[in-house]
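The values are calculated or read from the model by the stated rules, or taken from the named source; none is laboratory data. Just so it is clear, the model here is predicted, and its values are computed rather than measured. Reconstructed Cβ throughout: ideal geometry from the backbone, glycine too, with neighbour counts over all protein chains shown. These accessible areas exclude ligands, DNA and RNA; they are computed on the full protein's heavy atoms, side chains included. Shrake-Rupley method; radii C 1.70, N 1.55, O 1.52, S 1.80 Å.
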Amino acid sequence: NGSTVFSTSSPDTLAQQRAKLAQHLAIETALHEALQTGQLYLLYQPIVDIASGALHGVEALIRWHRPDGETVPPDVFIPIAEQSHLIIDIGRWVLGQALRDLALLQRSGLAALKIHVNMAASEFTSSALPQMLRTMSAELAVPPSQVVLELTESMLMRQPEQVKRVMHQLRDIGFEISLDDFGMGHSSLAMLKSLPISSLKIDRSFVRDLPTGERDRAIAQTIVGLGQHLQLEVIAEGIESAEQRAVLADCGCRFGQGWLLGRPLPLQGLIAAFPNGRPR
Ligand code: C2E
Ligand code: MG
Ligand code: MG
Ligand code: MG
């Protein structure tokens, strides 16, 4: 990847490498305890119909509240968890919590809502995932069609055949699959054609410079067109301004997510902010 070539930072010294490793180990140990002692929780960010503002779904976003009061963002601890077996345990906890919350949403007047859950690569290469999810959704009586698993393009590259097999098994049960951060990775159109996915999420980096970024607008328009032709739902990420929202609506983008439309909220806050699925 190009960033390595143009990186201005020099390689780590041995001491820096050691410090990093020690920090990783410390986080890993603390994270293990966090999982056991309930320091992890989920926030839900609204995914709305861009034109009407009506709630279409929610994305579960994990948070880690440490006993020292610090909140660690997932970009920091998920990559570390991914280097060990911890990600499997965390992933199972996230799925269980998200599905329990979906059952709750169904009893709160938000019955048709979809719940998006971010997946790590190693969760998706595990052949145990489809069966585990099938059991979970049956036990909680939530329909698989309301559970959307998000994965990124880079996850498709690691073990494409295995990932594809798991995707098909999940789809056969009825779960949906969404391609997250679309446009940032290396997925080919051939892959898009053959993968059983139901939605694309336009990466935030293409939304950031709208409305003035002509190239970004062209990219957004192209992804929307691609979605229409392939019958995929398209969701724009990172909508922060009314202008961005207007341009995306203009491009025909149906769904969106971002600070403008709703911050990630605890479940009860979400329910309160969208009575009957309409923004308050
Ligand atoms: P993602 O799946 O692409 O999630 C979207 C990120 O963008 C979230 O960051 C969200 O808070 C942020 N965001 C939403 N709207 C806006 C906006 O308008 N402006 C800006 N600047 N940011 C916005 P967050 O919660 O820090 O999550 C970061 C990443 O961590 C996620 O990216 C996802 O890849 C990963 N992640 C989060 N939760 C989980 C989880 O339960 N499991 C796994 N494996 N990964 C997770
Ligand atoms: Mg996501
Ligand atoms: Mg994303
Ligand atoms: Mg992301």
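Residue by residue, here is whether (1) open to solvent by less than 20 Å² (accessible area, probe 1.4 Å); (2) over 21 Å from Leu113 (Cα atoms); (3) free of Cβ contacts under 8 Å to residues at least 24 places away in the same chain; (4) not aliphatic (A, V, I, L, M) holds:
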| position | (1), (2), (3), (4) |
| --- | --- |
| Ala236 | yes, no, no, no |
| Gln244 | yes, yes, no, yes |
| Gly262 | yes, no, no, yes |
| Pro266 | no, no, no, yes |
| Ala273 | no, no, no, no |
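Could you please give the count of residues in segment 92-135 that are away from ligand 3 (no atom under 16 Å from the Cβ), within 17 Å of Met155 (Cβ to Cβ) and touching a Ser or Thr at 6+ places or on another chain (Cβ under 8 Å)? Within segment 92-135, residues that are away from ligand 3 (no atom under 16 Å from the Cβ), within 17 Å of Met155 (Cβ to Cβ) and touching a Ser or Thr at 6+ places or on another chain (Cβ under 8 Å) number 0. The single condition among (1) modelled with pLDDT of 95 or more; (2) within 17 Å of Lys114 (Cα to Cα); (3) among the basic types (Lys, Arg) that Arg278 does not satisfy is (1).
Residue-wise test of (1) within 22 Å of Gln257 (Cβ to Cβ); (2) touching a helix residue (DSSP H, G or I) at 6+ places or on another chain (Cβ under 8 Å).
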| site | (1), (2) |
| --- | --- |
| His65 | no, no |
| Asp68 | no, no |
| Pro73 | yes, no |
| Lys114 | yes, yes |
| Ser126 | no, yes |
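Please work out if Ala272 is part of a helix (DSSP H, G or I) and either within 17 Å of Ala54 (Cα to Cα) or within 12 Å of ligand 1 (Cβ to nearest atom) (or both).
Considered against the rule, which asks whether it is part of a helix (DSSP H, G or I) and either within 17 Å of Ala54 (Cα to Cα) or within 12 Å of ligand 1 (Cβ to nearest atom) (or both), Ala272 comes out as yes.
Do we find a residue being within 16 Å of ligand 4 (Cβ to nearest atom), at pLDDT 95 or above and open to solvent by 50 Å² or more (accessible area, probe 1.4 Å) anywhere in segment 250-259? Yes. The condition of being within 16 Å of ligand 3 (Cβ to nearest atom) and open to solvent by 40 Å² or more (accessible area, probe 1.4 Å) holds for only one of Ile177, Ile202, Ile219, that being Ile219. The set of residues in segment 63-87 being free of Cβ contacts under 8 Å to residues at least 40 places away in the same chain, away from ligand 3 (no atom under 16 Å from the Cβ) and assigned to a loop (DSSP other than H, G, I, E, B) consists of Arg66, Pro67, Asp68, Gly69, Glu70, His85. Candidates Met132, Met155, Met184: the one that is of a type in the set (A, V, I, L, M, F, W, C) and over 17 Å from the mean Cα position of the chain (by Cα) is Met132.
Has segment 76-93 got at least one residue that is at pLDDT 95 or above, under 19 Å from the mean Cα position of the chain (by Cα), closer than 25 Å to Asn276 by Cα and away from ligand 2 (no atom under 16 Å from the Cβ)? Scanning segment 76-93, I find no residue that is at pLDDT 95 or above, under 19 Å from the mean Cα position of the chain (by Cα), closer than 25 Å to Asn276 by Cα and away from ligand 2 (no atom under 16 Å from the Cβ), so the answer is no. Whenever a residue of segment 191-212 is more than 30 Å from Asp172 (Cβ to Cβ), its partners that are open to solvent by less than 20 Å² (accessible area, probe 1.4 Å) and within 16 Å of ligand 2 (Cβ to nearest atom), lying with C-beta atoms within less than 7 angstrom and at least six residues away or across chains, give the pairs Arg204/Gly238; Val207/Ala236; Val207/Gly238; Val207/Ile239; Arg208/Gly238. Within the option set Asp209, Asp180, being among the charged types (D, E, K, R) and in contact with a Leu (Cβ under 9 Å, 6 or more places away or on another chain) holds for one residue only, Asp180.
The residues listed here are Glu153, Glu161, Glu176; of these, the one that is touching a His at 6+ places or on another chain (Cβ under 8 Å) and not aliphatic (A, V, I, L, M) is Glu153. If you go through segment 43-52 and keep only what is open to solvent by 10 Å² or more (accessible area, probe 1.4 Å) and more than 16 Å from ligand 3 (Cβ to nearest atom), you end up with Asp49, Ala51, Ser52.
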